[in-house]
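Heads up: the structure comes next, in structure tokens.
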Amino acid sequence: MQKGTHKGEATRQAILDRAVGLASQRGLGGLSIGALAEELALSKSGLFAHFKSKQALDLATLEHAAARFVEAVIKPVLKAPRGERRVRAMFEHWRRWPVTNQLEGGCFFIAAASEVDDQPGPVRELLKQQQKDLLDTIASVVRTAIQEGDFSKDVDPEQFAWELYGVLLILHMSQRLLDDPRADARAETAFAAMLERARK
């Protein structure tokens, strides 16, 4: 790779890292080429050269956030032993990811989903697919727990994934909006109850 190309890619990655952080606070709607340029002390024209349009910036930010999520959550989960321990790893890594990834506004995807859920277009479609892929991944992890004999054969992996996502959503709201000091403990209790039901 040529030196200029390498520098250009490094700059793009730095831009997208900051874009994910800003979007977690302001939403994708509050993310702009001008705001990013100011944050990073870059020229608007220089930053525009990387993305060309607001939609391209939004799509690249979504893709970058997903790549960070895979590194912080999915890859460590898949390294955990198959079965219930892998399901536990999913819960633990997922709930910690806004903190471990230093996202000022909390979970990027929750913020994005509430913003674009009723806005048709490529950004909504990409986020929709990302969330479907996440639910499929959770369901797949649950299937390993069934195959290993840790969970009952009657467990519905898709339902478990749906409920686990629900626990993480209310955890996020309780931490960010309700300032509930017991948010983590409540999430632990809810998840423990899910595991207990799944074992029967």
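Which residue, of LEU171, LEU177, is closer than 14 Å to ILE110 by Cβ, among the hydrophobic types (A, V, I, L, M, F, W, C), open to solvent by less than 90 Å² (accessible area, probe 1.4 Å) and modelled with pLDDT under 95?
LEU171
Out of (1) of a type outside the set (D, E, K, R); (2) in a helix (DSSP H, G or I); (3) buried (at least 19 other Cβ atoms within 10 Å of the Cβ), what's the single condition that is false for LEU103?
Going through the list (1) of a type outside the set (D, E, K, R); (2) in a helix (DSSP H, G or I); (3) buried (at least 19 other Cβ atoms within 10 Å of the Cβ), LEU103 breaks only (2).
If we keep just the residues of segment 23-48 that are surrounded by 16 or more Cβ atoms within 10 Å (Cβ to Cβ) and in contact (Cβ under 8 Å) with a residue 60 or more places away in the chain, which is nearest to GLY121 (Cα to Cα)?
Selected residue: LEU28.
Kindly indicate whether any position in segment 184-191 is in a helix (DSSP H, G or I), modelled with pLDDT of 95 or more and open to solvent by 80 Å² or more (accessible area, probe 1.4 Å).
Yes, some residue in segment 184-191 is in a helix (DSSP H, G or I), modelled with pLDDT of 95 or more and open to solvent by 80 Å² or more (accessible area, probe 1.4 Å).
Inside segment 63-100, can you point out the residues that are modelled with pLDDT under 90 and either in a loop (DSSP other than H, G, I, E, B) or open to solvent by 60 Å² or more (accessible area, probe 1.4 Å) (or both)?
Answer for segment 63-100, where residues must be modelled with pLDDT under 90 and either in a loop (DSSP other than H, G, I, E, B) or open to solvent by 60 Å² or more (accessible area, probe 1.4 Å) (or both): ARG96, VAL99, THR100.
Kindly indicate whether any position in segment 141-155 is in contact (Cβ under 8 Å) with a residue 24 or more places away in the chain, β-branched (Val, Ile, Thr), surrounded by 18 or more Cβ atoms within 10 Å (Cβ to Cβ) and over 26 Å from ARG186 (Cβ atoms).
yes
Return the pairs, sorted by first residue and then second, in which the second residue is surrounded by 13 or more Cβ atoms within 10 Å (Cβ to Cβ) and among the small types (Gly, Ala, Ser), the first residue lies in segment 122-135 and is without any contact (Cβ under 8 Å) to a residue 40 or more places away in the chain, the beta carbons are less than 6 Å apart, and the residues are 6+ apart or on different chains.
LEU135/ALA161
Please verify whether segment 32-48 includes one or more residues that are part of a helix (DSSP H, G or I) and closer than 29 Å to ALA139 by Cα.
Within segment 32-48 (the criterion being part of a helix (DSSP H, G or I) and closer than 29 Å to ALA139 by Cα), the answer is no, since none of the residues qualifies.
Does SER45 satisfy the condition of being of a type in the set (Ser, Thr, Tyr) and within 17 Å of the chain's Cα centre (by Cα)?
no
Please work out which residue is farthest from GLY27 (Cα to Cα), limiting yourself to segment 109-140 and to residues that are in a loop (DSSP other than H, G, I, E, B) and either among the acidic types (Asp, Glu) or open to solvent by 70 Å² or more (accessible area, probe 1.4 Å) (or both).
PRO120
Say we look at segment 49-62 and pick out the residues that are in a helix (DSSP H, G or I), under 18 Å from VAL123 (Cα atoms) and open to solvent by 20 Å² or more (accessible area, probe 1.4 Å); which of these is modelled with the highest pLDDT?
So the residue we want is LEU59.
Can you name the condition, by its number, that PRO98 falls short on among (1) in contact with a His (Cβ under 9 Å, 6 or more places away or on another chain); (2) free of Cβ contacts under 8 Å to residues at least 40 places away in the same chain?
Single failed check for PRO98: (2).
The values are calculated or read from the model by the stated rules, or taken from the named source; none is laboratory data. For clarity, every value in this text was computed on a predicted model and none was experimentally measured. Quick reminder, even Gly has a Cβ in these numbers, built from the backbone with ideal geometry, and neighbours come from all protein chains shown. Remember, those area values only see protein heavy atoms, side chains included, never the ligands or the DNA or RNA. Shrake-Rupley method; radii C 1.70, N 1.55, O 1.52, S 1.80 Å.
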